[in-house]
Amino acid sequence: MNSFQVKSPANIALIKYWGMQDEDLILPANLSFSFNLSECYTKSTFEVSDKDSYEFEGQQSEQALQQIQRVRDAVGDLPYVRVVSENSFPASCGLASSASAFSALTYGLFVLATQVGASLEFGDLVELTRLSGSASAVRSLGDFFCTYDPSKPRELGQPGEWDLVDVVCTWNDTEKLVSSREGHGLADGSWLMAERLQGIPSRYESMLASMDDDSIFDLIEEETWSFLLNHITCGQPLNYTDARAWDQIRTLKEEGLRFGYTFDAGATLHLICRSDDAEQIAGKVECDRIFVCKPCEGAQVL
Ligand code: PMV
């Protein structure tokens, strides 16, 4: 294969990874649970070259070059590679663009390493993807719904498939000011953090038991508030959300529509609903761009 293309989705966490137990190992403080977003993805083209390069929509990325070298150090013999990437969605506004970009990159490097004879395990792919700096990228390696539990750092859980859709609502002028990396570093400063960590295993179990009931929407919002309250109590004025998102939530709730709202580390609003309700909800939202995303397969060669 002279050149090949990898596609990997962004994902939306219903249980958020927020805070790290080990910053060198990029090991999350807690279990997280998400589904992949069919319409929000990175496509990366890989080509053997005479030096490493990485271009994302015309920009170079030092973090990506370091990841290429990290994978080379781990697998031994990786050819120099030219990687060119683009997204189907806007970056840096709370849409987990690092998850799709770094899962696509690491997955593609593994494909290349395998082509030149390296023998690698899925656990190696999970660990190296996490070490890119984006632990949420690990969840984009699996299909549909994925769980990453830092107590089993080489594994990825795929607990099932359910009928949920994410109506992703973006605004053009909302680049985030605090990276998720910085945000993870602030999480421990919140006096609510210990309680949050303690409650996550039972919230996750309740979610799995409620995926087919409307109570899932309440649990999604409970987790959203645990996440947002951590931000505003962390000792810094951290608030990723935007008043326009709250206006939309209020209007849709007043209309009695069935959904649960959530956010990543950014202003983008995620309205989680059943597939039968998605078009109606999307039709009522006022924002700059909407992506109606079903759960989908994870990183793959096209
Ligand atoms: O993987 P990172 O460092 O981009 O962190 C992701 C953090 C959240 O998107 C806010 C939550 C999550 O689990 O996806």
TODO: Note the direction-averaged projected area, equal to a quarter of the hull surface, for the Cα convex hull of the stretch 192-270, in nm².
DONE: 5.6
TODO: Whole number in Å², please: accessible area per residue of the stretch 59-205, 1.4 Å probe, ligands, DNA and RNA not counted.
DONE: 43
- [ ] Run the quick spin-label model on Glu161 and Arg289: label points 7 Å from Cα toward the beta carbon, then report their separation in nm to one decimal.
- [x] 2.8
Open item on the list: I need the semi-axes of the equivalent ellipsoid of the stretch 228-296: take the C-alpha gyration tensor, multiply each eigenvalue by 5, square-root it, list largest first in whole angstrom.
Closed with: 24, 13, 11
Task: Lys pairs under 24 Å by Cα in the chain, provided they are eight or more residues apart or on distinct chains - done: 14
Task: Cα-centre dipole for the chain with unit charges at Cβ (Lys and Arg positive, Asp and Glu negative), debye to 20 - done: 380
Open item on the list: Using the alpha carbons of the chain, what is the convex hull volume per residue in cubic angstrom, as a whole number?
Closed with: 123
Task: Three principal axis lengths of the stretch 1-115 [C-alpha, angstrom, descending] - done: 41, 31, 24
Open item on the list: From the alpha carbon gyration tensor of the stretch 260-302, can you work out the equivalent ellipsoid semi-axes (sqrt of 5 times each eigenvalue) and give them in Å, largest to smallest?
Closed with: 21, 15, 11
- [ ] For the chain, find the longest principal axis of its Cα atoms and tell me its angle to the long axis of helix 97-115, 0 to 90°, nearest 10.
- [x] 30
Open item on the list: For Cα pairs less than 8 Å apart in space and 6+ apart in sequence, what is the mean separation divided by the residue count of the chain, i.e. the relative contact order in percent?
Closed with: 26
Open item on the list: If packing is taken as the average count of other Cβ atoms within 10 Å, what order do 4-14, 133-143, 235-245, 119-129 fall into, highest mean first?
Closed with: 133-143, 4-14, 119-129, 235-245
Open item on the list: Restricting to Cα atoms and excluding each atom paired with itself, what does the Kirkwood estimate give for the stretch 94-240 in Å?
Closed with: 17.4
Open item on the list: Can you give me the angle between helix 122-131 and the longest principal axis of the chain, using Cα atoms only, in degrees from 0 to 90, rounded to the nearest 10?
Closed with: 70
Task: Once the Cα gyration tensor of the stretch 153-206 is diagonalised, semi-axes √(5λ) in Å - done: 25, 23, 13
- [ ] Taking 7 Å along the Cα-to-C-beta vector as the label spot, tell me the Gln236-Gln280 distance in nanometres, rounded to one decimal.
- [x] 4.2
Task: Positive dipole terminus of the stretch 58-159, leading residue within Ser61, Ser151, Leu105 (C-beta point charges) - done: Ser61
Task: Of the GluC sites (Glu not before Pro) in the stretch 50-85, those whose Cβ has at most 14 other Cβ within 10 Å and which sit in DSSP loop - done: Glu57
Task: Gyration tensor (alpha-carbon) shape descriptor, the stretch 155-302, a/c threshold 1.5 - done: rounded
TODO: Round to the nearest 10 and give me the degree value, 0 to 90, for the angle of helix 193-210's Cα axis relative to the longest principal axis of the chain.
DONE: 80
Task: Segment Arg82-Lys253, extension gain: residue separation times 0.36 nm, minus the distance between their alpha carbons - done: 56.8 nm
Task: Distance between the stretch 182-204 and the stretch 11-72 - C-alpha centres, whole angstrom - done: 23
Open item on the list: Restricting to DSSP loop positions (anything but H, G, I, E, B) with no more than 15 other Cβ atoms inside 10 Å of their own Cβ, which chymotrypsin sites (Phe, Trp or Tyr not before Pro) remain in the stretch 181-230?
Closed with: Trp191
Open item on the list: What is the percent carbon and sulfur in the accessible area of the chain, measuring with a 1.4 Å probe over the protein chains and ignoring ligands?
Closed with: 45
- [ ] Just need log10 I(q)/I(0) for the stretch 180-224 at q = 0.15, 0.25, 0.29 Å⁻¹, Debye formula, equal scatterers on the alpha-carbon atoms, no solvent, rounded to two decimals.
- [x] -0.48, -0.88, -0.99
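The values are calculated or read from the model by the stated rules, or taken from the named source; none is laboratory data. Just so it is clear, the model here is predicted, and its values are computed rather than measured. Here Cβ is always computed from backbone atoms with ideal geometry, including for glycine, and neighbour counts include all displayed protein chains. Please note that ligands, DNA and RNA were not included when accessible areas were found on the heavy atoms of the full protein model with its side chains. Shrake-Rupley method; radii C 1.70, N 1.55, O 1.52, S 1.80 Å.
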